[in-house]
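Computed from the coordinates by the stated procedures, all read-outs in this text should not be read as laboratory data. In this text, all values refer to a predicted model and were calculated from it rather than measured experimentally. Using ideal geometry, Cβ is built from the backbone for each residue, glycine included, and neighbour counts are taken over all protein chains shown.
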Amino acid sequence: MRRRAFLAATGAAVLAACSVPSGNRSTAPATTSPRATAPGTPTSSAAPPSSSAPPTPATAEEILARSTVPVLCFHQLREFRADDSAYARTIITPPAVFRAQLQALRDGGRTPIGAGTLVDHLQFGHPLPDRPVLLTFDDGSVTHHSVALPILTEFGFPAAFFPMTVVLGKTDWLSHDQLRDLDRAGMDIGAHSWDHQRVDRLSGDQWAVQLDGPRAELGEILGHPVDLLAYPHGVWSPEALPRVEAAGYRAAFQLSDPQDPAYPLLTVRRIMPPPTWDGPTLLAQLDSSF
Ligand SMILES: [Zn+2]
């Protein structure tokens, strides 16, 4: 179900959902010229590939053609509480369900890969394992450290985490140390704006606040550059994409809209698996949605 994002007070925590109603945003222009999305890098090179030459980025058409890897988007991983709304229960994943979904991926022959691995494949054609899948976690819930990390570690699965920076260090949200734990465990960390504003509604100094600031803050916390983004509410707009590129993001993840033909790396698609999906349903959705 794709509904308007909501804020549900749950003690000190806020559940920030990442969905958006269909038809509530403009669609990508159909007549933009194809281009590679690597900022500052040439779109083609006459030189043959060699070990010393920089890799040649793919064209937008090539990136679109390679965009067949399923990407899943999770939020909080916890038991339901009495005050969770019906919608919240579609995006909260109880730990036992999460474990069962990972087991289904394993039993189904799926191989989770890192976000950087996927982007290297899309941008440069680097090879992937058979039947890859990418797991992502939005918003920065403390359950990403307390629930997701141990289960992912048990399975040996990589994943990508996209916290809002406004919540870091607050009750029920990731601390800086927990973020560094995820990073040291081999997880990818990307930005998810400062306070979850839709990028199709930003203007003025909000671009710097929501795009530049979080990338810099996460880079400072982790001690290395951060260049991945997940759009708050999964929403993007064609007008926002040059801003995302200019802010230094290499790739950005949305939800279910078609990719932008000119910026496919900045509009990588994901789906949100509700906790009601059993293993066969999850595997079927991966095959049918990507
Ligand atoms: Zn979110």
Report task. Quick one: go through segment 57-96 and flag any residue whose amide nitrogen is under 12 Å from the point 7 Å out along the Cα-to-Cβ line of residue 124. Result -> 57-58
**Report entry** Förster radius 51 Å - calculated FRET efficiency between residue 82 and residue 53, Cβ distance, rounded to 0.05
**Finding:** 0.30
Query raised in the report: How large is the convex hull of the Cα atoms of segment 77-154 per residue, expressed in Å³ as a whole number?
Result: 115 Å³
Query - Interchain or long-range residues, amide H under 5 Å from residue 93's placed H - result: 75, 76, 77, 78
**Report entry** Karplus 3J(HN,Hα) series, Hz, for segment 228-239 with 6.51 cos²θ - 1.76 cosθ + 1.60 (x for Gly, Pro)
**Finding:** 10, 9, 10, 5, x, 6, x, 9, 9, 9, x, 5
Query - DSSP-defined beta bridges in segment 108-265 - what % are antiparallel, rounded to 5 - result: 10 percent
Report summary line: Amide H contacts under 5 Å for residue 111, restricted to residues at least 5 apart in sequence or on another chain and with H modeled in the peptide plane, are 133
Query raised in the report: Alpha carbon centre of segment 56-127 versus segment 162-229: separation in Å?
Result: 19 Å
Query - Long-range Cα-Cα pairs in segment 198-252 (distance over 16 Å), rounded percent - result: 36 percent
Query raised in the report: If you rank 198, 184 by fewest surrounding Cβ atoms within 10 Å, what's the result?
Result: 184, 198
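What FRET efficiency comes out for the pair residue 239/residue 176, r = Cβ-Cβ distance, R0 = 30 Å, nearest 0.05?
0.35
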Report summary line: Taking 0.36 nm per residue of separation between residue 151 and residue 96 and subtracting their Cα-Cα distance, the length gained on full extension comes to 18.8 nm
Report summary line: Taking placed amide H atoms and a strict 5 Å upper bound, the residues 5 or more places from residue 190 or on another chain that come that close are 161, 162
Query - Cα-derived Rg to Rh of segment 116-243, Kirkwood definition - result: 0.97
Query raised in the report: Karplus couplings for segment 277-287 from phi (6.51 cos²θ - 1.76 cosθ + 1.60, θ = phi - 60°), rounded to Hz, Gly and Pro as x?
Result: 6, 7, x, x, 5, 4, 5, 5, 5, 4, 6
**Report entry** Per-residue HN-Hα couplings for segment 266-271 [Karplus 6.51, -1.76, 1.60; θ = phi - 60°; Hz; x = Gly/Pro]
**Finding:** 9, 9, 5, 7, 9, 10
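What is the dipole size for segment 174-290, taken about its Cα centre, with +1 at each Lys and Arg Cβ and -1 at each Asp and Glu Cβ, in debye to the nearest 20?
Approximately 140 debye in magnitude.
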